[in-house]
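The structure under discussion appears below in the form of structure tokens.
Derivation of every value follows stated rules applied to the coordinates shown; laboratory data play no part. The structure displayed is predicted, hence computed values, not measured ones. All Cβ positions, glycine included, derive from the backbone under ideal geometry; neighbour counts span all protein chains shown.
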Amino acid sequence: MPLLKSPPHLSNAARTLTARHAISPAAARHRRCNSTVEPPPAGGHLPSIATSQILRTKRETALRTPGLSWADEDASAPSRTIVGGRETRKMNTYQAIRDAMGIALSKDENAVVFGEDVAFGGVFRCTMGLSEEFGRERVFNTPLTEQGIAGFGIGLAAMGHTAIAEIQFADYIFPAFDQIVNEAAKIRYRSGGSFNVGGLTIRTPTMSVGHGGLYHSQSPEGFFMAATGLKVVIPRSPIQAKGLLLSSIRDPNPVIFMEPKILYRSAVEQVPVDDFELPLGKAEVLVPGSDLTLLTWGTPVYHCETALHMLNSPPPSLEAVVPKSARSAKIELIDLRSILPWDVENIVDSVNRTGRLVIVHEAGLTAGVGAEIAAEIQKRCFLKLNAPVRRVAGWDIPVALHYEKFHIPDAVRILDGVMETLSY
């Protein structure tokens, strides 16, 4: 049964809104001069990354992050609820990643960090000061060759080192594709367990940045979905970045760790300063709900949060197209975090409860990660589904140099997909 009294059509509404706002300059000036309505704040009324309720900006909530395990505690002991004596520090995402690599280098004498320009801090400053702290023998630049970086990392890891490689942009990972998919992913199987490169972690900035265009805003995580033997991880925030990166570095499998570049500076949290890990392969429920499951990862987590705010409390410009019957819908927002392997069990459990699934990702629609998840959910939850699985994704075109915002699934497109699924 549909949850809405009448199916909305946001795309038609968008055209109506455009026409409604298409007034003459003179009329616009008259309206501004005679209006008594208070203008919106500079950041708008809708939540942004800076004001997100998902981010943990207080010490107590940061130290109680779900799934967090302290490296200096016995893993077999019951998890502690007392966090006295633990400290946090305000960090953005790139600082948290730098903190994680500093811990890895200080605790593991076999760990090395390398890539193009990492010795002076890297393009996004994630390795700032590491070469001065640990020496140029352990934090060093490589030639400009992604295939060479991946191959060198595979060789280091096969010889027992902890190799933390950086590909400067995820868009440039394709020259290394053969090394990663044919060598790193298969070497344990090929050698019958005699060799492995579990000590290899490949870091790379990913997703849109607003103006990156076709060579700096791609989201290539879907290309690795079929590469059995790899793990693929995408964090959403500083705490997640530090904990998941330390888990990736210590995981017995090669890991591709993709860092949403727009979040390097925009996402800020109180991050525990001690050594901690977060589990790989586990999704996290950010907002519990019962009417629809909204699944995403990386930067779109915040676009989804904005879309839910627009659904529950639509701004005046959208009130006419968001029925009151929809505003009470309880949406379950989930951050997938690990793309490979993805958390099948928890996603299935959520969809069996809600009966609806909308998947959001920045990569193109065709053969994306959402396609694999949709197929598996359709198989496992068929009798529980009240609507087809919906995917809201980037368009199947190269990311344009202009108007990048219209390429990615923004809050309005997500809201449209959620309402169509609720009303099916």
HN-Hα J in Hz across segment 371-382 - Karplus 6.51, -1.76, 1.60, θ = phi - 60°, x for Gly and Pro: 5, 5, 5, 4, 5, 5, 5, 4, 6, 7, 10, 3
Degrees separating the helix 10-21 axis from the principal Cα axis of the chain, which is the longest one: 60 degrees
FRET efficiency estimate (nearest 0.05) - Cβ-Cβ, ARG190 to THR57, R0 56 angstrom: 0.75
Rounded Å value of the spacing that divides the Cα centres of segment 334-349 and segment 154-170: 26 Å
Two-site FRET efficiency, GLU345 against ARG136, from Cβ-Cβ distance with R₀ of 60 Å, rounded to 0.05: 0.85
Bridge type composition, the chain - antiparallel percent by DSSP, nearest 5: 25 percent
Net length gained if the chain between GLU109 and LYS379 were fully extended (0.36 nm per residue, minus Cα distance): 92.5 nm
Cα long-axis angle, helix 344-354 against the chain (0 to 90 degrees, to the nearest 10): 20 degrees
Gaussian network model of the chain, Cα within-10 Å springs - most flexible of LEU333, LEU200, LEU318: LEU318
Cα gyration tensor shape for the chain, rounded if a/c is under 1.5, else prolate or oblate: prolate
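Sort 386-397, 213-224, 230-241, 46-57 by packing, meaning the average of other beta carbons within 10 Å per residue, with the highest value first. Could you put the intermediate results ahead of the total?
Values: 386-397: 18.0, 213-224: 20.3, 230-241: 27.2, 46-57: 16.4.
The peptides rank, most packed first, as 230-241, 213-224, 386-397, 46-57.
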Of MET159, LEU263, ALA176, farthest towards positive along the dipole that unit charges on Lys, Arg, Asp, Glu beta carbons give the chain: LEU263
Long-range HN-HN contacts of VAL139 with modeled amide H, under 5 Å: VAL113
Gain upon complete extension [SER313, PHE406; 0.36 nm per residue less C-alpha separation]: 31.2 nm
Sites matching trypsin sites (Lys or Arg not before Pro) across segment 304-334 that sit in DSSP coil, with at most 15 neighbouring C-beta atoms within 10 Å: ARG327, LYS330
Exposure proxy ranking, count of Cβ atoms within 10 Å, fewest first, for PHE124, PHE174: PHE174, PHE124
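In debye, nearest 20, what is the charge dipole magnitude of the chain about its Cα centre with +1 on Lys and Arg Cβ and -1 on Asp and Glu Cβ, if you could check? Write out the running numbers ahead of the final one.
On the way: 43 positive and 43 negative charges, 311 e Å.
So the dipole magnitude of the chain works out to roughly 1500 debye.
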Backbone HN-Hα couplings from phi across segment 218-224 [Karplus 6.51/-1.76/1.60, Hz, Gly and Pro as x]: 7, 10, x, 4, x, 5, 9
Residue with peak Gaussian network fluctuation, the chain [Cα springs, cutoff 10 Å], from THR293, THR306, THR142: THR142
Placed amide H near THR88: partners under 5 Å, 5+ positions off or other chain: VAL273
Crossing angle, helix 411-422 versus the chain [Cα axis fit, 0-90 degrees, rounded to tens]: 70 degrees
Calculated [θ] (222 nm, deg cm²/dmol) that DSSP helices of n ≥ 4 give over the chain, each run adding -39,500 (n - 2.57): -9000 deg cm²/dmol
Vicinal HN-Hα couplings computed from phi for segment 143-158 (Karplus, 6.51 cos²θ - 1.76 cosθ + 1.60; Hz; Gly/Pro x): x, 7, 8, 5, 4, x, 4, 5, x, 4, x, 4, x, 4, 5, 5
Residue exposure sequence - ILE334, ILE262 - by fewest surrounding Cβ within 10 Å: ILE262, ILE334
